[in-house]
Amino acid sequence: QVQLVESGGGLVQAGGSLRLSCAASGSIFGINVMGWYRRAPGKQRELVATITSGGSTYYVNSVKGRFTISRDNAKNTVYLQMNSLKPEDTAVYYCWTLANHTNYWGQGTQVTVSS
């Protein structure tokens, strides 16, 4: 079992920044890739960014150049730095990992961007 605990969401004006954090605990030795999904109101869940233990990253096109995913392997923590936020970034953001062929999710943290 892997537990994921997120923090860092909140309310920000358009153009502002937020930093999300996600700490993993439990059976972490099977973790390679970690990432963030989001679900906006009335929309399907969307993969935002991922990072492997080796540092390879992926971003959905809509956040490229604005969001940066990073990882501290020693702390088993993944971060999502979100800059130049837009109202369309408003969503619940979920930390995710795939460990031992099983998907794990955090509880979600709300990000609200006002115009």
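The number of residues in segment 81-91 that are buried (at least 21 other Cβ atoms within 10 Å of the Cβ) and within 11 Å of the chain's Cα centre (by Cα) comes to 1.
Return the residues of segment 50-71 that are hydroxyl-bearing (Ser, Thr, Tyr) and in contact with a helix residue (DSSP H, G or I) (Cβ under 8 Å, 6 or more places away or on another chain); say none if nothing qualifies.
We begin by selecting, within segment 50-71, every residue hydroxyl-bearing (Ser, Thr, Tyr); these are 50, 52-53, 56-59, 62, 68, 70.
Residue satisfying the conditions is SER62 alone.
Pairs meeting the criteria (first residue in segment 27-54 and farther than 16 Å from LEU4 by Cβ and touching a residue at least 60 places away in the same chain (Cβ under 8 Å), second residue part of a strand (DSSP E or B) and open to solvent by less than 70 Å² (accessible area, probe 1.4 Å), beta carbons under 7 Å, at least 6 apart or on different chains) are lacking.
Conditions (1) under 21 Å from GLN107 (Cα atoms); (2) out of contact with any Leu (no Cβ under 8 Å at 6 or more places or on another chain); (3) at pLDDT below 95, marked per residue:
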residue	(1), (2), (3)
GLN1	yes, yes, yes
VAL12	yes, no, no
ARG19	yes, no, no
GLY42	yes, yes, yes
SER53	no, yes, yes
ASN83	no, yes, no
PRO87	no, yes, no
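If you go through segment 58-80 and pick out every residue that is open to solvent by 60 Å² or more (accessible area, probe 1.4 Å), closer than 22 Å to TYR104 by Cβ and under 12 Å from the mean Cα position of the chain (by Cα), you end up with 1.
I want to confirm something. Restricting to segment 1-27 and keeping residues that are under 16 Å from ASN100 (Cα atoms) and under 17 Å from the mean Cα position of the chain (by Cα), which single residue is surrounded by the fewest Cβ atoms within 10 Å (Cβ to Cβ)?
First, pick out the residues of segment 1-27 that are under 16 Å from ASN100 (Cα atoms): 1-4, 24-27.
Within this subset, residues satisfying the condition of being under 17 Å from the mean Cα position of the chain (by Cα) are 2-4, 24-25.
On the way: VAL2: 21, GLN3: 13, LEU4: 21, ALA24: 21, SER25: 11.
Per the stated criteria, the residue is SER25.
Across segment 92-115, what is the total count of residues that are at positive phi and surrounded by 15 or more Cβ atoms within 10 Å (Cβ to Cβ)?
Start the filter on segment 92-115 by keeping residues that are at positive phi, which leaves 100-101, 108.
Applying the additional criterion that residues be surrounded by 15 or more Cβ atoms within 10 Å (Cβ to Cβ) yields 108.
So the answer is 1.
The values are calculated or read from the model by the stated rules, or taken from the named source; none is laboratory data. Just so we're clear, the structure is a prediction, and the values are computed from it rather than from any experiment. Here the Cβ is made from the backbone with ideal geometry for all residues, glycine too, and neighbour counts use every protein chain on show. We work out accessible area using only protein heavy atoms, side chains counted, and drop any ligands, DNA or RNA first. Shrake-Rupley method; radii C 1.70, N 1.55, O 1.52, S 1.80 Å.
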